[in-house]
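First the structure, in the form of structure tokens, and then the observations on it.
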Amino acid sequence: RKAFGEKAVKIPEVKWGDIGGLAAAKEDIMQTIMLPTEKPHLFKNGIAQRSGLLFYGPPGTGKTLLAKAIATECQMNFISVKGPELLNMYVGESEKNVREVFERARENLPCIVFFDELDSLAPARGKGADSSQVMDRIVAQLLTEIDGLGKKGGMFVIGATNRPDLLDSALLRTGRFDKMIYLGVAKTKEERINVIQAQTRHHKKDDNINYQEIVSSIPENFTGADFSALTSETYMIAVKERIEELECEIEAFKRETGMPEGDELLPETY
Ligand code: ATP
């Protein structure tokens with residue numbers, strides 16, 4: 001079938017609590033997106049609901065994660081498309097790809113469509129190099145689709161970019177990706193601790209971990225993705241060091257709970 005029809009569309013499993021730091025962005029999203037979605041009856045008196053949101057900031061700062069968490073918390077399906085995936089050398093194919101993404105979303109309402117690397121898809125019209133005509137048509141198609149969203153409801157578009165300055169300004173007009181939210185690295189000690197705690201919240205841990213000491217030895221420009229590499233590596237080392245002890249604990253847990261042979265336990269279960 002179509003290029004984007006092959007991906008299974010479903011509700012993601014990223015919870016709000018999986019995201020550490022980003023307190024201001026989370027608060028902003030709560031008020032502008034989640035509240036109107038969860039309690040639409042409170043927003044009916046002529047207040048237009050948003051249909052688009054733009055996350056911007058350095059790579060690895062949680063743009064995809066946050067978009068998925070919104071979908072999970074609002075119980076909406078999620079379609080993720082990277083800008084360059086839509087580009088096609090054949091005339092008319094790129095716009096068709098954009099149309100197909102939205103068609104797919106309409107078949108799976110309520111749905112969030114996430115456009116990652118939006119800048120690669122939509123550099124300012126007329127300023128691009130050889131492929132500028134293709135870009136122009138893609139942007140035009142995107143605008144048509146987004147403009148059609150407002151009244152119908154049930155669909156929400158989130159864009160992500162590291163370079164908001166490259167985006168066509170038409171995309172940032174009211175009713176499109178008009179709400180911009182910056183996601184950056186966690187700056188304060190509390191935020192950095194919060195990121196580690198969110199990423200390890202399902203791990204079995206010592207009660208007296210000195211988080212203050214840990215974060216003070218971590219470089220200041222560490223992104224959420226860097227923290228993720230660190231926490232998973234630490235987890236792997238801890239598991240390897242205690243592998244026999246852990247296996248005994250798991251076996252004991254299985255015996256106590258009468259779990260069938262061959263069933264696997266998730267680390268957070270026991
Ligand atoms: P890119 O611009 O490269 O697409 P991104 O901003 O979309 O990056 P994500 O893909 O959301 O970044 O983050 C990568 C990984 O880093 C996530 O899967 C998650 O494990 C971790 N991560 C990033 N930010 C956070 C955060 N604020 N809290 C917890 N984990 C985070």
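Remarks
- Meets criteria (open to solvent by 70 Å² or more (accessible area, probe 1.4 Å), more than 13 Å from the ligand (Cβ to nearest atom), among the acidic types (Asp, Glu) and farther than 22 Å from Leu143 by Cβ) for Glu27: yes
- Among (1) open to solvent by 60 Å² or more (accessible area, probe 1.4 Å); (2) among the basic types (Lys, Arg); (3) in a helix (DSSP H, G or I), the one test that Arg50 misses: (3)
- Filtered residue count, region 162-181, keeping only those that are buried (at least 24 other Cβ atoms within 10 Å of the Cβ) and farther than 15 Å from Val139 by Cα: 0
- Residue list for region 50-76, filter: near the ligand (Cβ under 7 Å from one of its atoms) and of a type in the set (Ser, Thr, Tyr): Thr61, Thr64
- Those residues of region 204-245 which are open to solvent by 50 Å² or more (accessible area, probe 1.4 Å), within 16 Å of the ligand (Cβ to nearest atom), touching a residue at least 12 places away in the same chain (Cβ under 8 Å) and not in a helix (DSSP H, G or I), in sequence order: Glu220, Asn221
The values are calculated or read from the model by the stated rules, or taken from the named source; none is laboratory data. For clarity, every value in this text was computed on a predicted model and none was experimentally measured. Reconstructed Cβ throughout: ideal geometry from the backbone, glycine too, with neighbour counts over all protein chains shown. Side chains included, ligands, DNA and RNA excluded: accessible areas come from the protein's heavy atoms. Shrake-Rupley method; radii C 1.70, N 1.55, O 1.52, S 1.80 Å.
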